[in-house]
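**Q** Structure in structure tokens, see below.
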Amino acid sequence: MKIAVGSDHGGFELKKLIVQFLGELGQEVESVGCHSLESVDYPDFAEKVCTAVQTGACDCGILICGTGIGMSIAANRHKEIRAALCHEAFTARMSREHNNANVLCLGERVIGSEVALDIVRTWVATEFAGGRHQKRLDMFS
Ligand code: RB5
């Protein structure tokens, strides 16, 4: 699986951990920035990750900001993007199984790094269940 990963300055440190962790899991990663703690605007990085998913350049994406809220709001404005803001592994799993989330959003200032990696591990390992859940997703289009 190829995963686009992006953050603003508020998610920069967690992004570095997640990029390394995804590599250890054997996932292919495309890191779209940001590349330092210098202040940037989260919608720019949400757009980069969402475009990678929309075009098929990447299978899914992960976005990190301070709270995860700005990234999730920005990502969900993009067509065909289903972004889920998760704070623990259960909702991360359900966002894949029931909602077929194709972007995971995390808040570096909200959750600890071990919880974040647990969420990422769960999210990338979980498949969409389809069936009745697909019918509901079809209602968005
Ligand atoms: C940046 O200070 C912060 O506002 C941003 O990372 C994010 O939390 C916005 O939702």
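**Q** Quick check, is Val40 in contact with a helix residue (DSSP H, G or I) (Cβ under 7 Å, 6 or more places away or on another chain) and either under 20 Å from Ala101 (Cα atoms) or not in a strand (DSSP E or B) (or both)?
**A** Details: in contact with a helix residue (DSSP H, G or I) (Cβ under 7 Å, 6 or more places away or on another chain): yes; either under 20 Å from Ala101 (Cα atoms) or not in a strand (DSSP E or B) (or both): yes.
Here the answer is yes, as Val40 does meet what is asked.
**Q** Tell me which of these Cys50 doesn't satisfy, since it passes every other one: (1) of a type outside the set (Ser, Thr, Tyr); (2) within 14 Å of the ligand (Cβ to nearest atom); (3) in a helix (DSSP H, G or I); (4) in contact with a His (Cβ under 6 Å, 6 or more places away or on another chain).
**A** Evaluating Cys50 over (1) of a type outside the set (Ser, Thr, Tyr); (2) within 14 Å of the ligand (Cβ to nearest atom); (3) in a helix (DSSP H, G or I); (4) in contact with a His (Cβ under 6 Å, 6 or more places away or on another chain) leaves (2) as the failure.
**Q** Exactly one condition in (1) surrounded by fewer than 24 Cβ atoms within 10 Å (Cβ to Cβ); (2) in contact with a Cys (Cβ under 9 Å, 6 or more places away or on another chain); (3) under 12 Å from Val103 (Cβ atoms) is false for Asp59; which is it?
**A** (2)
**Q** Follow-up question, since we're still on this one. Limited to region 14-47, what total is found for residues that are under 16 Å from Cys105 (Cα atoms) and over 15 Å from the mean Cα position of the chain (by Cα)?
**A** Final tally of qualifying residues: 1.
**Q** Let me ask something else about it. Which residues, taken from region 83-111, are in contact with a Phe, Trp or Tyr (Cβ under 9 Å, 6 or more places away or on another chain) and either assigned to a helix (DSSP H, G or I) or at pLDDT below 95 (or both)? So that I can check it myself, show each step before the final result.
**A** Taking region 83-111 first, the residues in contact with a Phe, Trp or Tyr (Cβ under 9 Å, 6 or more places away or on another chain) are 84, 86, 89, 92-93, 95-101, 104, 108.
Passing the criteria: Ala89, Ala92, Arg93, Ser95, Arg96, Glu97.
**Q** If Cys58 satisfies all but one of (1) more than 11 Å from the ligand (Cβ to nearest atom); (2) more than 20 Å from Phe128 (Cα to Cα), what's the number of the condition it fails?
**A** Of (1) more than 11 Å from the ligand (Cβ to nearest atom); (2) more than 20 Å from Phe128 (Cα to Cα), only one is false for Cys58: (2).
**Q** All but one of (1) within 15 Å of the ligand (Cβ to nearest atom); (2) closer than 19 Å to Trp123 by Cβ hold for Met1; state the number of the condition that does not hold.
**A** (1)
**Q** Still on this model: Here are some residues: Met94, Met139. Which one is surrounded by 14 or more Cβ atoms within 10 Å (Cβ to Cβ), free of Cβ contacts under 8 Å to residues at least 12 places away in the same chain, more than 14 Å from the ligand (Cβ to nearest atom) and of a type in the set (A, V, I, L, M, F, W, C)?
**A** On the way: Met139 fails: surrounded by 14 or more Cβ atoms within 10 Å (Cβ to Cβ).
Result: Met94 is the single residue among Met94, Met139 that is surrounded by 14 or more Cβ atoms within 10 Å (Cβ to Cβ), free of Cβ contacts under 8 Å to residues at least 12 places away in the same chain, more than 14 Å from the ligand (Cβ to nearest atom) and of a type in the set (A, V, I, L, M, F, W, C).
**Q** Which of the residues belonging to region 76-108 are within 9 Å of the chain's Cα centre (by Cα) and within 17 Å of His9 (Cα to Cα)?
**A** Listed by number, the residues that qualify are Cys105, Leu106.
**Q** Related question: With the requirement that a residue be near the ligand (Cβ under 7 Å from one of its atoms), assigned to a loop (DSSP other than H, G, I, E, B) and touching a helix residue (DSSP H, G or I) at 6+ places or on another chain (Cβ under 7 Å), what does region 63-78 give you?
**A** Gly66
The values are calculated or read from the model by the stated rules, or taken from the named source; none is laboratory data. Note that this is a predicted model, so its numbers are computed, not measured. When we count neighbours, we look across all protein chains shown, and the Cβ atoms used for this are built from the backbone with ideal geometry, even at glycine.
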